[in-house]
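K.L.:
This is the structure I want to talk about, given as structure tokens.
The values are calculated or read from the model by the stated rules, or taken from the named source; none is laboratory data. On a predicted model such as this, the values are computed, not experimentally measured, just so you know. Note that each Cβ is placed from the backbone with ideal geometry, even for glycine, and that neighbours are counted across all protein chains shown. Protein only, heavy atoms only, side chains kept; ligands, DNA and RNA dropped before computing areas. Shrake-Rupley method; radii C 1.70, N 1.55, O 1.52, S 1.80 Å.
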Amino acid sequence: MGVAIDPRGVDPRGVDPRGADETAERSDDHASHLEQALLQARKLIESTVLLHSRRRTTPSPVVRTDGARIGDSLAPLIVGARYSVAVTLTGAGAFENAVIEELDRTPSRAVVRVLCNVPAAAGVAERLRPLTRVRPEVRVSQSELRGIVVVDGASALVQTQDREPEGQVAVVNDLGAVRALELLFAGAWSRGRKLADHLGLAPRLRTEFARTVLEALRAGHTDETAARAINVSLRTYRRHVAEIMRELDASSRFQAGARAVELGLLAD
């Protein structure tokens, strides 16, 4: 015989079926919340471990080293090159010695470009001539340069100090910084002139006196004004102008100034 339940849902034996259901429901909710909390805690732990692991394995964006270890820092960059190696050289020293020594280890698949300043041009040409594995493209720049090596647009080596005998270098792994260096190199490279063209210029065109005369021509100074500024006689000045125009194969003084810029004798 069944037990009658009054309209309020109360069992005559004192048991409220709704309370039992609510208790069970609360128990299920608690278990569900506990499970969610444990899952979230597990995810947090896993993400923390992963982040810690990445911090330990990701190279520092900039690593400084001393000049005596330039070769050690440069060798893995050069040997691992896949597409390009861009180099700027500013003169003899530990940096240039290490770079030129390592360049001949560049894989044949990579394009090598060397940009040097005017004072270093003749020495760089002589130093690069014995290389056997690579034949770099070389240009000369009038811009102020600092020694750098950029490999594949992904890693770089930068000369950070010039005054010390051995200097210092920094290995740069930050992609944004490396791309900025690559863009700076590309800009200077586009304005540079081929090494052969530079070395083919008559020595007199590369002197400071010739540069002063060319600046006067480009500025449109009269011969009298320019001669006084340079402190030479008018006759001597005009003779130098004629010789410079002949060397530049220019038919006018304006054309001589334009040719001087084109050849990198004057900054544009």
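K.L.:
Assuming 0.36 nm per residue, please report the length gained on full extension of the stretch N97 to A186 beyond their Cα-Cα distance.
P.N.:
Separation in residues times 0.36 nm, less the Cα-Cα distance, equals 29.7 nm.
K.L.:
So, for the stretch 160-266, what is the accessible surface per residue at a probe of 1.4 Å, expressed in square angstrom?
P.N.:
Ligands and nucleic acids excluded, the figure is 59 Å² per residue.
K.L.:
If the chain between S84 and E126 were fully stretched, how many nm would it gain, using 0.36 nm times the residue separation less the Cα-Cα distance?
P.N.:
The span from S84 to E126 would gain 12.9 nm if fully extended.
K.L.:
Where only protein heavy atoms count, and the probe is 1.4 Å, what is the accessible area per residue for the stretch 97-142 in Å²?
P.N.:
50
K.L.:
Using a probe of 1.4 angstrom, how much of the accessible area of the stretch 109-268 is carbon and sulfur, in percent?
P.N.:
50
K.L.:
Sorted by average packing, counted as other Cβ atoms within 10 angstrom per residue and highest first, what order do 244-253, 142-151, 108-117 take?
P.N.:
For the peptides 244-253, 142-151, 108-117, the packing ranking is 142-151, 108-117, 244-253.
K.L.:
May I ask you to derive the FRET efficiency for S233 and D104 from their Cβ-Cβ distance with R0 = 41 Å, giving the value to the nearest 0.05?
P.N.:
Result of the calculation: an efficiency of 0.20.
K.L.:
Which cross-chain or sequence-distant (5 or more) residues have an amide H under 5 Å from the amide H of N117, H modelled 1.01 Å from N in plane?
P.N.:
For N117, the qualifying residues are L89, S141.
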